[in-house]
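Novice: Following this message is one structure expressed as structure tokens.
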Amino acid sequence: MNKIVYLVLITFSFIQSALAQHNHINGKVVDETSKLPVEGITITLLPQHKTTVTDENGSFTFNETIAQITSISFSGFGYEKITLASADFKLDATVAIKPKMATTLEEVIVNSGASAKQQNQISKLDIKMRGVANSQEVLRIVPGLFIGQHQGGGKAEQIFIRGFDCDHGTDISLNVDGMPINMVSHAHGQGYADAHFIIPETIESVDFKKGTYNAEKGNFNTAGYVDFKTANSIDKNTMKLEGGMFNSARMVGVFNLLNEKQKAKQRSWYLASEYNYSDGYFDNPQHFNRFNFFTKYHGKISENSFLQLSASTLQSKWNASGQIPDRAVDQGIIGFYGALDPTEGGVTSRSNFNAQLLTTLKNHDFIKNQIYYTNYSFDLHTNFTFYLNDPINGDQIRQKENRNLLGYNGSYNHVSYIGTTKITTDAGVSFRLDKINNSELSNTIDRFTVINPIKLGDISELNLAAYLSETFKFNEKWTLNAGMRLDQFFNQYHNKLATDPTLNGIGIYKANANIVSPKVNIYYHANKNTQFYIACGRGFHSNDTRAVVVTNGKEILPPAYGFDLGTIFKPTNTILLHVAAWYMGLKQEFVYSGDGGIVAITGATKRIGLDGSIRYEPIKSLYVDVDINYAHGRYTNEIKRQDYIPLAPIWSSTGGIMYKNKNGLNGGLRYRFLSDRPAIEDYSLTATGYFVTDAVLNYTQPHYEIGLRLNNLFNTQWKETQFATETRLQNEVNSVTEICFTPGTKFMALLGVSYFFK
């Protein structure tokens with residue numbers, strides 16, 4: 001029945017397209033410097049003050065005729081505003097706009113044409129004003145998102161957002177240039193999202209939305225999604241050297257590979273490379289090293305088509321101090337930065353290829369086709385319980401996998417009119433195939449000596465999906481978006497271990513499931529400075545294939561239901577506010593524990609909360625940002641005071657102040673605050689909060705920059721990640737359940753020098 005409904009919606013889309021009127025005013029906007037299309041530019045018709053924004057193809061359309069207008073203006077964050085008289089504008093014209101050297105909050109526009117993209121302007125503003133100094137700052141760009149590292153820098157961070165402990169990505173969808181970062185059925189945990197292969201200097205923008213409200217987004221889009229977009233072109237070459245405390249060093253190079261003549265033909269090709277090394281602030285040196293390489297080509301291959309090709313590779317290796325129990329520190333067995341098992345650590349690699357083709361049709365519709373491929377390996381050695389299960393050899397585990405990931409995304413975008421109502425149709429299909437060889441969980445000694453195999457097998461997981469999203473802009477005040485998404489999963493596990501306690505012997509186990517996810521978003525543009533919105537929708541995250549086959553496919557795609565009520569308000573040119581009240585409910589789900597190789601059942605949960613953001617520019621050289629978030633989460637089927645959600649954040653806040661002087665001196669202070677929160681269902685153990693401050697100071701000139709970064713400016717002793725864990729230390733008779741933690745960084749200073757050239 002659900003599939004029939006979906007087909008009816010698609011049929012309706014084609015019917016309304018056939019009835020569509022001709023779009024009289026249309027054109028394209030390109031960057032004057034790079035000659036490439038620019039998304040998100042606001043186009044305003046005068047005197048009607050009717051607005052729209054350019055799509056990712058740089059295109060825009062109106063139903064009016066030239067005779068109905070006197071002029072047309074083009075404005076956008078980071079660009080000079082221009083206005084053309086109607087007599088000077090030609091239909092289907094390409095308009096070039098000039099980038100601005102300096103950007104201000106005044107350029108951010110609250111308009112009805114960009115209803116679903118207002119949050120993107122906030123992220124672009126933050127990137128321009130704050131910068132992205134390291135790989136962890138990549139994720140911290142998202143307001144209300146917290147991260148915690150607990151494996152020495154080489155492992156994906158733990159993510160917290162909207163009252164969710166997302167582990168390493170279970171409840172948040174992360175993507176870069178349309179390619180998924182999350183790994184399904186990962187050896188360490190479902191949705192594992194290691195974004196360290198992204199070089200921060202290549203990031204152009206971050207598109208994010210909290211909640212379950214985007215039809216294009218499927219798996220893991222419960223608490224929200226984050227899409228990173230790398231730059232299609234760079235305006236200058238960069239060489240950077242950075243070094244500092246704890247034997248830390250970083251080298252970065254970003255270089256253009258094509259000349260100005262090729263740029264004039266709307267072609268760009270650049271490469272970027274990064275190397276990191278650090279012993280870290282732990283007593284047990286990390287010997288952490290990471291190498292990244294990235295290259296991207298973006299160019300016009302025909303009058304109506306752009307081709308984008310990119311490739312990247314990551315290689316990383318590290319030692320880790322792991323998680324240590326409070327009593328080991330309290331009793332003086334180790335220090336606050338010590339380690340109980342110095343053999344912990346890991347090695348990982350990821351290589352990607354990504355190809356995208358954007359084709360514009362004669363009626364200004366456009367089609368996107370994308371294929372991507374990832375080859376990935378992971379080998380992690382940890383010890384969370386020490387001597388709990390094996391008093392002789394210890395409890396060290398090895399989690400290992402080798403993966404090939406192949407995917408396709410295709411979409412069709414069409415703009416039409418019925419009367420004065422503008423209808424934007426976005427329809428798409430996708431598939432993703434993960435083939436994982438020899439996914440392993442074993443007890444080991446000194447990393448590589450296996451003493452007890454727990455799980456071993458091959459995983460095949462196929463996700464087919466289709467979606468339809470219709471946006472109705474009735475007038476300059478009201479916009480409605482309605483979407484529907486269908487996901488089908490095919491799971492297969494080839495068990496190679498006869499002693500696996502969860503399955504009936506060696507063999508192939510299969511399970512299939514599907515889910516339909518409707519979405520509705522309503523936007524009310526009260527005036528040029530104020531927008532209100534209501535959003536509701538259904539989302540989901542899949543469960544690990546090894547959990548799916550154990551449960552014979554029952555309840556393997558538990559839905560999540562979300563609701564948002566919010567406003568974006570710009571009372572003055574120098575203040576921007578975003579406030580949202582929200583609700584999220586999740587049904588019961590089966591969870592695969594990668595650390596134990598077992599299937600656990602968690603009950604239904606509900607969360608309500610408030611998100612608030614402010615951006616303020618008291619003077620043009622000073623930028624202030626503050627994000628404050630509150631979440632109240634509980635299990636719905638547990639008795640009171642036994643219903644706390646472990647590690648769910650309650651109060652959190654980030655913010656900072658950034659100063660930029662025309663003479664090149666710039667710098668700022670940033671803080672992050674996370675309150676105490678329950679570590680266990682009855683709140684008998686507390687994960688203690690923290691307040692940490694960082695600072696940066698730069699002197700920037702056209703051809704060079706000298707910078708100083710200070711992490712944990714006041715040398716606060718804090719616990720970055722915490723868990724309630726049952727452990728037994730060597731020679732202890734009884735086990736103890738208490739807080740185990742990874743300490744956060746000490747005071748750390750890093751000095752960097754950058755050289756810019758054409």
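Novice: So which residues in region 180-193 are open to solvent by less than 10 Å² (accessible area, probe 1.4 Å) and within 11 Å of the chain's Cα centre (by Cα)?
Specialist: Within region 180-193, I181, N182, A193 meet the criteria.
Novice: Which residues, taken from region 548-584, are small (G, A, S) and within 23 Å of R607 (Cβ to Cβ)?
Specialist: First pass over region 548-584, keeping only residues small (G, A, S): 553, 560, 562, 566, 580-581.
A560, G562, G566, A580, A581 - these are the residues of region 548-584 that are small (G, A, S) and within 23 Å of R607 (Cβ to Cβ).
Novice: Further question on the same structure: Answer yes or no: is there a residue in region 731-754 that is open to solvent by less than 20 Å² (accessible area, probe 1.4 Å) and of a type in the set (D, E, K, R).
Specialist: no
Novice: Let me confirm something: among N512, N552, which residue is surrounded by fewer than 16 Cβ atoms within 10 Å (Cβ to Cβ) and not in a strand (DSSP E or B)? Before you say what the answer is, go through the steps one by one.
Specialist: Values: N512 fails: not in a strand (DSSP E or B).
Among N512, N552, only N552 is surrounded by fewer than 16 Cβ atoms within 10 Å (Cβ to Cβ) and not in a strand (DSSP E or B).
Novice: Pick from T230, T222, T202, T238: which is in contact (Cβ under 8 Å) with a residue 12 or more places away in the chain, more than 30 Å from L708 (Cα to Cα) and of a type in the set (S, T, N, Q)?
Specialist: Numbers: T230 fails: more than 30 Å from L708 (Cα to Cα); T202 fails: more than 30 Å from L708 (Cα to Cα); T238 fails: more than 30 Å from L708 (Cα to Cα).
Going through T230, T222, T202, T238 in turn, just one is in contact (Cβ under 8 Å) with a residue 12 or more places away in the chain, more than 30 Å from L708 (Cα to Cα) and of a type in the set (S, T, N, Q): T222.
Novice: Can you report the number of residues in region 420-446 which are modelled with pLDDT under 95, open to solvent by 50 Å² or more (accessible area, probe 1.4 Å) and touching a Ser or Thr at 6+ places or on another chain (Cβ under 6 Å)?
Specialist: Adding up the residues that qualify gives 1.
Novice: If you check every pair at least six apart or on different chains, which have Cβ atoms under 7 Å apart with a residue in region 358-384 that is small (G, A, S) first and a residue that is buried (at least 19 other Cβ atoms within 10 Å of the Cβ) second?
Specialist: Going by the 7 Å Cβ cut-off, the qualifying pairs are S377/T348.
Novice: Within region 746-758, can you find the residues that are closer than 29 Å to S652 by Cα and assigned to a loop (DSSP other than H, G, I, E, B)?
Specialist: Keep residues of region 746-758 that are closer than 29 Å to S652 by Cα, which gives 746-750.
Answer for region 746-758, where residues must be closer than 29 Å to S652 by Cα and assigned to a loop (DSSP other than H, G, I, E, B): K746, F747.
Novice: Taking the conditions exactly as written (open to solvent by less than 30 Å² (accessible area, probe 1.4 Å), over 27 Å from G505 (Cα atoms) and either aromatic (F, W, Y) or free of Cβ contacts under 8 Å to residues at least 12 places away in the same chain (or both)), does Y467 satisfy them or not? Quick ask: steps written out before the conclusion?
Specialist: On the way: open to solvent by less than 30 Å² (accessible area, probe 1.4 Å): yes; over 27 Å from G505 (Cα atoms): yes; either aromatic (F, W, Y) or free of Cβ contacts under 8 Å to residues at least 12 places away in the same chain (or both): yes.
Yes.
Novice: Right, here's the next one. Among the residues of region 391-403, what is the count of those that are open to solvent by less than 40 Å² (accessible area, probe 1.4 Å) and over 23 Å from V184 (Cβ atoms)? Spell out the reasoning first.
Specialist: Let us first name the residues in region 391-403 that are open to solvent by less than 40 Å² (accessible area, probe 1.4 Å), namely 394-399, 401, 403.
Add one more test, that the residue is over 23 Å from V184 (Cβ atoms), and what stays is 394-396.
Count: 3.
Novice: Then there's this: Only one of (1) at pLDDT below 95; (2) open to solvent by 20 Å² or more (accessible area, probe 1.4 Å) fails for Y561. Which number is that?
Specialist: Every listed condition holds for Y561 apart from (1).
Novice: If only one of K519, K510, K455 is of a type outside the set (S, T, Y) and closer than 30 Å to L577 by Cβ, which one is it?
Specialist: Working: K510 fails: closer than 30 Å to L577 by Cβ; K455 fails: closer than 30 Å to L577 by Cβ.
Just a single option satisfies the conditions, and that option is K519.
Novice: Another question, then. Please count how many residues of region 662-693 are without any contact (Cβ under 8 Å) to a residue 60 or more places away in the chain, in a strand (DSSP E or B) and over 13 Å from A648 (Cα atoms).
Specialist: Within region 662-693, residues that are without any contact (Cβ under 8 Å) to a residue 60 or more places away in the chain, in a strand (DSSP E or B) and over 13 Å from A648 (Cα atoms) number 10.
Novice: With the checklist (1) of a type outside the set (D, E, K, R); (2) open to solvent by less than 10 Å² (accessible area, probe 1.4 Å); (3) in contact with a Pro (Cβ under 8 Å, 6 or more places away or on another chain); (4) under 24 Å from S278 (Cβ atoms) in hand, flag the one item I141 doesn't pass.
Specialist: (3) is the only condition that I141 fails.
Novice: Moving on to the next point. Condition first: farther than 22 Å from D165 by Cβ and either at pLDDT 95 or above or not charged (D, E, K, R) (or both). Now tell me which residues in region 614-643 satisfy that. Steps first, answer last, please.
Specialist: Initially, region 614-643 is screened for residues farther than 22 Å from D165 by Cβ, giving 614-626.
If the condition is that a residue be farther than 22 Å from D165 by Cβ and either at pLDDT 95 or above or not charged (D, E, K, R) (or both), then I614, Y616, P618, I619, S621, L622, Y623, V624, V626 are the ones that fit.
Novice: Among P325, P285, which is free of Cβ contacts under 8 Å to residues at least 40 places away in the same chain and either over 28 Å from L685 (Cβ atoms) or more than 24 Å from the chain's Cα centre (by Cα) (or both)? Before the answer, list the steps.
Specialist: Details: P325 fails: free of Cβ contacts under 8 Å to residues at least 40 places away in the same chain.
Going through P325, P285 in turn, just one is free of Cβ contacts under 8 Å to residues at least 40 places away in the same chain and either over 28 Å from L685 (Cβ atoms) or more than 24 Å from the chain's Cα centre (by Cα) (or both): P285.
Novice: Another question, then. Which number in (1) within 30 Å of F431 (Cα to Cα); (2) open to solvent by 40 Å² or more (accessible area, probe 1.4 Å); (3) modelled with pLDDT of 95 or more marks the one condition that I333 misses?
Specialist: All conditions pass for I333, except number (1).
Novice: Let me ask another. Collect the residues in region 448-486 that are touching a His at 6+ places or on another chain (Cβ under 9 Å) and assigned to a strand (DSSP E or B), keeping them in residue-number order.
Specialist: G457, D458, I459, S460, W478, T479, listed by residue number.
Novice: Could you list all residues from region 244-260 that are out of contact with any helix residue (DSSP H, G or I) (no Cβ under 9 Å at 6 or more places or on another chain) and open to solvent by 30 Å² or more (accessible area, probe 1.4 Å)?
Specialist: Of everything in region 244-260, those that are out of contact with any helix residue (DSSP H, G or I) (no Cβ under 9 Å at 6 or more places or on another chain) and open to solvent by 30 Å² or more (accessible area, probe 1.4 Å) turn out to be G244, M245, F246, N247, A249, M251, F255, L257, L258, N259, E260.
Novice: Of everything in region 605-642, what is open to solvent by less than 20 Å² (accessible area, probe 1.4 Å) and not in a strand (DSSP E or B)? Give them in sequence order.
Specialist: Across region 605-642, the qualifying residue is only E617.
Novice: Additional query: Given (1) open to solvent by less than 30 Å² (accessible area, probe 1.4 Å); (2) touching an Asp or Glu at 6+ places or on another chain (Cβ under 9 Å); (3) over 17 Å from N247 (Cβ atoms), identify the lone condition not met by S305.
Specialist: (2)
Novice: In region 153-185, how many residues are over 21 Å from G211 (Cβ atoms) and charged (D, E, K, R)?
Specialist: 3
Novice: Still on this structure, please answer the following. Exactly one condition in (1) more than 30 Å from K28 (Cβ to Cβ); (2) open to solvent by less than 10 Å² (accessible area, probe 1.4 Å); (3) of a type in the set (D, E, K, R) is not met by D379; state its number.
Specialist: The single condition D379 does not satisfy is (2).
Novice: Name the residue, out of A355, A328, that is hydrophobic (A, V, I, L, M, F, W, C), open to solvent by less than 10 Å² (accessible area, probe 1.4 Å) and farther than 28 Å from Y277 by Cβ.
Specialist: Testing whether each residue is hydrophobic (A, V, I, L, M, F, W, C), open to solvent by less than 10 Å² (accessible area, probe 1.4 Å) and farther than 28 Å from Y277 by Cβ leaves just A328.
The values are calculated or read from the model by the stated rules, or taken from the named source; none is laboratory data. If you're wondering where the values come from, they're calculated on a predicted model, not measured in any experiment. Because the Cβ atoms are built from the backbone with ideal geometry, glycine has one as well, and the counts that use them run over all protein chains shown. SASA here: full protein model, heavy atoms, side chains in, ligands and nucleic acids out. Shrake-Rupley method; radii C 1.70, N 1.55, O 1.52, S 1.80 Å.
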